[in-house]
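What follows is calculated from the coordinates using simple rules that are stated; it is not laboratory data. Everything numeric here is computed off the predicted structure, so don't read it as measured data. Cβ sites come from the backbone with ideal geometry, for glycine too, and all protein chains shown count toward neighbours.
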Amino acid sequence: MIRPMGYNISAFRTLKCYCNSKRCPNSTCETDGYCFASASFENGAPKYQYQCWDRHNIFPPGDKPVWCREDERSDIICCASDYCNRDIFAEFWIKETSPTATAWQVVPWIMGLVVFAICVALSLWWAKKWRADGKRPPRPYPDEDETKHILNTPTTTIRDMIELTTSGSGSGLPLLVQRSIARQIQLVDIIGKGRFGEVWRGRWRGENVAVKIFSSREECSWFREAEIYQTVMLRHENILGFIAADNKDNGTWTQLWLITDYHENGSLFDFLTAKSIDSNTLIKMSLSIATGLAHLHMDIVGTKGKPAIAHRDLKSKNILVKSNLSCVIGDLGLAVRHNVSNDSVDVPSTNRVGTKRYMAPEVLDETMDTRQFDPYKRSDVYSFGLVLWEMARRCGNMPDDYQPPYYDCVPPDPALEDMRRVVCTEKRRPNVPNRWHSDPVLSGISKVMKECWYQNPAARLTALRIKKTLANVGTNGADYIKL
């Protein structure tokens, strides 16, 4: 601590000072300079000195102002009146220079440094977590006034809002917009039911939307599906368009809403049950599903990247048919994400499992390595092969009636044991009719599906390879279909 005190020596007279040295009789000394008191630490204990400082010892010499000397180990205070140094340290040393006081002065600095270090560590951890999960810190949405303006403009469509408010992120709308849309939707009629709840057709400003209503018991499934749909860069023309998620609570019951694009043709299962398709439509549907699956499986690296995602419940009931007869993949409640940073798999915390009829052999016999991500993708490819088979049966001049995969091997609601026996033990696959071999498109499709449902997961095609192969089938075997 620095305590400089300047005095003009020419103004000094003979002073009497308090002295604790053995050389001082009666604890008093006289000087033509000034009195001083010093404090220092020796062997961990404070040492106090009270003495006189004579004129000839003063630096600088002459009649210039003088300064008390000090260093890191001691503190000196000088004064210029009789016995002025006697009570200096009773106040000064105890309050400001004692070990306790010094320690308490240092504590705030230490605590500040610790807090700063913790904040830096947490920031780095969160940044790493966002990158690993394929997420990013909140994107720059429009401010509140702009958002209200968008919502209050009667001519604004859902598509307009998505383009205006997602800033090219490819994920969901801001929470305020989602909640506002959900509060304004009117339910019209029910269009489907499942183990999770119901699906309704709703209306928002004259537009049709699909409202998937979960029961409160399925909150984990609702939250997970909404979370997956809002993954950065997930939005794609062959992935079901997510609009909003909200919870409705009237005090007696709670409904969990998931709002998506509405597709009048319904699911691929419904479409194939009611209608047959031609070769062009078969290629268009197949290629669009493969394109959507390839997008899910792809890991997009960059500032606005996307983690690789595996569906885990791909089937004709979870694929919707658009008005132009291309398809979109929906129902992402069981999807898993790949954490690139530590090569781990983000698995949903739910007791739900995929549909038994579409489960891959390694899933049925529980030999799949669930700690790695690639096996999940290969399982999706197996399921896609079965969907191809469903579509191919309904194609041609003399299409077969719609039937689900393995309809001739297992009951309508098969148990795991049934599927394990047929798929794993007997190694059976859906029958490929002879008529397919005479049709260039069906022949090409049958080759693809067989490479999708190999018993060995590593031998199956990737989604990207399927996409390219189907494009070639469309070019060589039928009119070229451009999605």
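Observations
- For the peptides 22-30, 321-329, the ranking by packing is 321-329, 22-30, with the highest mean count of neighbouring Cβ atoms within 10 Å listed first.
- Under the Debye formula (equal points on every Cα, no solvent term), log10 I(q)/I(0) of the stretch 268-477 at q = 0.16 Å⁻¹: -1.08
- GluC sites (Glu not before Pro) lying in DSSP loop within the stretch 355-392, provided at most 16 other Cβ fall within 10 Å: 366
- Förster radius 25 Å - calculated FRET efficiency between residue 20 and residue 45, Cβ distance, rounded to 0.05: 0.95
- Computed over the stretch 254-342, Cα set: Rg, Dmax in Å: 15.1, 47
- Here the peptides 287-293, 180-186 are ranked by packing, the mean other Cβ count within 10 Å, and the order with the highest first is 287-293, 180-186.
- The stretch 266-312-the stretch 401-470 distance, computed between alpha-carbon centres (Å): 17 Å
- Ranked list, fewest to most other Cβ atoms within 10 Å of each Cβ, for 331, 408, 346, 400: 408, 400, 346, 331
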